[in-house]
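The values are calculated or read from the model by the stated rules, or taken from the named source; none is laboratory data. Keep in mind that what you see is a predicted model, and the values were worked out from it rather than measured. Quick reminder, even Gly has a Cβ in these numbers, built from the backbone with ideal geometry, and neighbours come from all protein chains shown. Areas reflect the complete protein model, heavy atoms only, side chains present, ligands, DNA and RNA absent. Shrake-Rupley method; radii C 1.70, N 1.55, O 1.52, S 1.80 Å.
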Amino acid sequence: MPVNVLIAARHAPEIESMLDDVPESVELTFLPQEDAIPTNEGRMVGKAPALSEYLPGQEVVFGAVREKDFPYADSLKWIQHVAIGVEGFMYPALKESDVILTNCKDLGSTQLSEQGFAMLLSLTRCIREQHELMKEKSWKRVPCVEISGGTMGIIGLGGVGRAMAARGNAFGMRILAVDIEDVDKPDYVERVDKPDKLGEMAAECDVLVSCVPSTPESHKMVDGDVFGRMKPSSYFINVSRGKVVDEDALIEALLAERIAGAGLDVTYTEPNPPDNRLWDLPNVILTSHSAGSSQYVRPRAMKFFIENLHRYVDGEPLEKVVDKQKGY
């Protein structure tokens, strides 16, 4: 019997050509698009019919299946999400079903951690201030901060957290972490505690980094108490999800200079509203949820899907399976 696979997340032709390597028993159906244009390093976006029209009879979907479309997925056994965050899939019908959900966790660790360090170094080396001086053709020395010898605290020691920790270690930093799971401690991490020790860890940190997924348990876990315990000279970096932060408490801490600055790739509401004060604070570097951007991200995701598809056809366990009850 053929394995019917729906390619709902469309990609540029050179990336979709990788699908020539799927198992022979796979029959591919591509969700059609009109006037499609390339975006986001190879994703194609255009006018598409309702996904519900193409779901019946499909065993595997590469892409997203939203709650309104799920009732039409009468043969669905596996969804391969093309990104990391899966909070959009945590609706009751899918959570309670036997449908397997896999994502691309760990495939974005490199670029997310690079973005985290780009924001951190922009803050500590005063790159924005020096860029403004450059535009004014003003040659002035700006006081900067070394991070070597400081302490970095990681919230969530998964793939992204480990990548941040490894880079912090390479910069000569002491690394601490908290994680809800009993994760293995890498040699370059001094200590891993549970999240109830977050406040205590924050008090030791020169840099606090959020790498935790958005779940009911992590909602606003980085709150006023955490910011209140941080050093006035410390920095907060967020490359995970905006909803893990009490944004009002963060803005208050920044305005009161209870922390030195923040580098944020995510905000509580996205797109970030025009009246949000984060846009205008001088001690904030704000990027538009672009930390996952990379020239390799789409081919990497497609390659992983094809490898997982071979495992599926061969009856082997899939990799990067999401625990639907935990939400990650």
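Would you say Ser293 is at pLDDT below 95 and either open to solvent by 30 Å² or more (accessible area, probe 1.4 Å) or among the acidic types (Asp, Glu) (or both)? Yes: the conditions hold for Ser293. Within region 1-31, restricting attention to residues that are more than 18 Å from Pro49 (Cβ to Cβ) and of a type in the set (Ser, Thr, Tyr), the residue that is surrounded by the fewest Cβ atoms within 10 Å (Cβ to Cβ) is Ser25.
Within region 291-308, the set of residues being assigned to a loop (DSSP other than H, G, I, E, B) and closer than 13 Å to Ile84 by Cα comprises Ala291, Gly292, Ser293.
Among (1) of a type in the set (Val, Ile, Thr); (2) touching a residue at least 40 places away in the same chain (Cβ under 8 Å); (3) open to solvent by 30 Å² or more (accessible area, probe 1.4 Å), where does Ile37 come up short? Failing condition for Ile37: (2).
The single condition among (1) in a helix (DSSP H, G or I); (2) on the phi > 0 side of the Ramachandran plot that Ala166 does not satisfy is (2).
As a summary of the residue check, Ala8 satisfies the conditions (1) in contact with an Asp or Glu (Cβ under 9 Å, 6 or more places away or on another chain); (2) at pLDDT 95 or above except for the one numbered (1).
Residue pairs whose Cβ atoms lie under 8 Å apart, sitting 6 or more positions apart in sequence or on different chains, and linking a residue in region 51-67 that is farther than 18 Å from Met90 by Cα to a partner that is exposed (fewer than 14 other Cβ atoms within 10 Å of the Cβ) and small (Gly, Ala, Ser), are Pro56/Ser75; Gly57/Ser75; Gln58/Ser75; Glu59/Ser75. Evaluating Lys197 against the criteria (1) farther than 20 Å from Asn103 by Cβ; (2) in contact (Cβ under 8 Å) with a residue 24 or more places away in the chain leaves one unmet condition, (2). If you check Lys77, Lys95, Lys68, which single one turns out to be surrounded by fewer than 16 Cβ atoms within 10 Å (Cβ to Cβ), in contact with a Ser or Thr (Cβ under 8 Å, 6 or more places away or on another chain) and not aliphatic (A, V, I, L, M)? Exactly one residue qualifies, and that residue is Lys68.
Asp223 passes every criterion in (1) open to solvent by 20 Å² or more (accessible area, probe 1.4 Å); (2) in contact (Cβ under 8 Å) with a residue 24 or more places away in the chain; (3) more than 19 Å from Cys211 (Cβ to Cβ); (4) of a type outside the set (Lys, Arg) apart from (3).
Screening region 240-262 for residues that are outside any helix (DSSP H, G or I) and of a type outside the set (D, E, K, R) and picking the one that is nearest to Gln115 (Cα to Cα) gives Ser240. Across region 270-289, the qualifying residues are those that are part of a loop (DSSP other than H, G, I, E, B) and open to solvent by less than 50 Å² (accessible area, probe 1.4 Å), and the one among them that is nearest to Ala118 (Cα to Cα) is Thr287.
Okay, residues lined up against (1) touching a residue at least 40 places away in the same chain (Cβ under 8 Å); (2) open to solvent by 20 Å² or more (accessible area, probe 1.4 Å); (3) within 29 Å of Arg125 (Cβ to Cβ):
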position: Glu190; (1), (2), (3): no, yes, yes
position: Cys205; (1), (2), (3): yes, no, yes
position: Ser214; (1), (2), (3): yes, yes, no
position: Asp246; (1), (2), (3): no, yes, yes
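Could you say whether any residue in region 130-140 is open to solvent by 40 Å² or more (accessible area, probe 1.4 Å), closer than 24 Å to Leu286 by Cα and not in a helix (DSSP H, G or I)? Yes, the conditions are met somewhere in region 130-140.
Of all the residues in region 50-89, those that are in a loop (DSSP other than H, G, I, E, B), of a type in the set (A, V, I, L, M) and closer than 21 Å to Asn308 by Cβ number 9. So, Leu28, is that one of a type in the set (A, V, I, L, M, F, W, C) and part of a helix (DSSP H, G or I) or not? Taking the combined requirement at face value, the residue does not satisfy it.
When you check Asp106 against the structure, is it in a strand (DSSP E or B), closer than 29 Å to Ala291 by Cα and either out of contact with any Cys (no Cβ under 9 Å at 6 or more places or on another chain) or open to solvent by 30 Å² or more (accessible area, probe 1.4 Å) (or both), yes or no? It is false that Asp106 is in a strand (DSSP E or B), closer than 29 Å to Ala291 by Cα and either out of contact with any Cys (no Cβ under 9 Å at 6 or more places or on another chain) or open to solvent by 30 Å² or more (accessible area, probe 1.4 Å) (or both). Any chance region 161-173 includes a residue that's free of Cβ contacts under 8 Å to residues at least 40 places away in the same chain and of a type in the set (D, E, K, R)? No: region 161-173 contains no residue that is free of Cβ contacts under 8 Å to residues at least 40 places away in the same chain and of a type in the set (D, E, K, R).
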